[in-house]
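Undergrad: The structure is given below, and queries will be raised subsequently.
The values are calculated or read from the model by the stated rules, or taken from the named source; none is laboratory data. As the structure is a computational prediction, the values presented were derived from the model and not from experiment. Glycine gets a Cβ as well: all are built from the backbone with ideal geometry, and neighbour counts include every protein chain shown.
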Amino acid sequence: MDIRIILGVFAASLLFAYFIYFIIKKTSVSAKVIKIIFGVLLVMSIIVLAISYMIGGWTGLGLGALSIYVGVPSLTTLIVITIKDRH
């Protein structure tokens, strides 16, 4: 993968994580609910990544990329919310 794509996904996931954090602070949505939602998304992306290796070929490559693009923002959001809740 090109390094610009990786850095772009990481930067977008950080922006998304802070956006979700500010939604939690401004509304009555609980941080626990957000953590559950993004935890489920992270688990689903790990499962899809494992399945993509079993499928192989171009289809497996596409599924693997999709799972990475869902898993990285989910993980980043969980990390940011956990760090912000402790402080």
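Undergrad: Counting just the residues of the range 1-51 that are under 19 Å from I83 (Cα atoms) and of a type in the set (K, R), which one comes out farthest from the chain's Cα centre (by Cα)?
TA: It comes out as K26.
Undergrad: Search the range 30-43 for residues that are under 14 Å from I79 (Cβ atoms) and pair each with any residue that is among the small types (G, A, S) and not in a helix (DSSP H, G or I) when their beta-carbon atoms are under 6 Å apart and the residues are at least 6 apart or on different chains.
TA: none
Undergrad: Shifting gears a bit: Suppose the filter is surrounded by 12 or more Cβ atoms within 10 Å (Cβ to Cβ) and in contact with a Ser or Thr (Cβ under 7 Å, 6 or more places away or on another chain); does I20 pass it? Steps first, answer last, please.
TA: Numbers: surrounded by 12 or more Cβ atoms within 10 Å (Cβ to Cβ): yes; in contact with a Ser or Thr (Cβ under 7 Å, 6 or more places away or on another chain): yes.
Yes; evaluated as a whole, the condition is true for this residue.
Undergrad: Looking at I37, I5, I47 in this structure, which one is modelled with pLDDT under 80, of a type in the set (V, I, T) and part of a helix (DSSP H, G or I)? So that I can check it myself, show each step before the final result.
TA: Numbers: I37 fails: modelled with pLDDT under 80; I47 fails: modelled with pLDDT under 80.
Among I37, I5, I47, only I5 is modelled with pLDDT under 80, of a type in the set (V, I, T) and part of a helix (DSSP H, G or I).
Undergrad: Taking L66 as meeting all but one of (1) over 25 Å from K84 (Cα atoms); (2) more than 12 Å from the chain's Cα centre (by Cα), write down the number of the exception.
TA: For L66, the exception is condition (2).
Undergrad: Need the failing condition index for S28 against (1) exposed (fewer than 15 other Cβ atoms within 10 Å of the Cβ); (2) part of a helix (DSSP H, G or I), just the number.
TA: (2)
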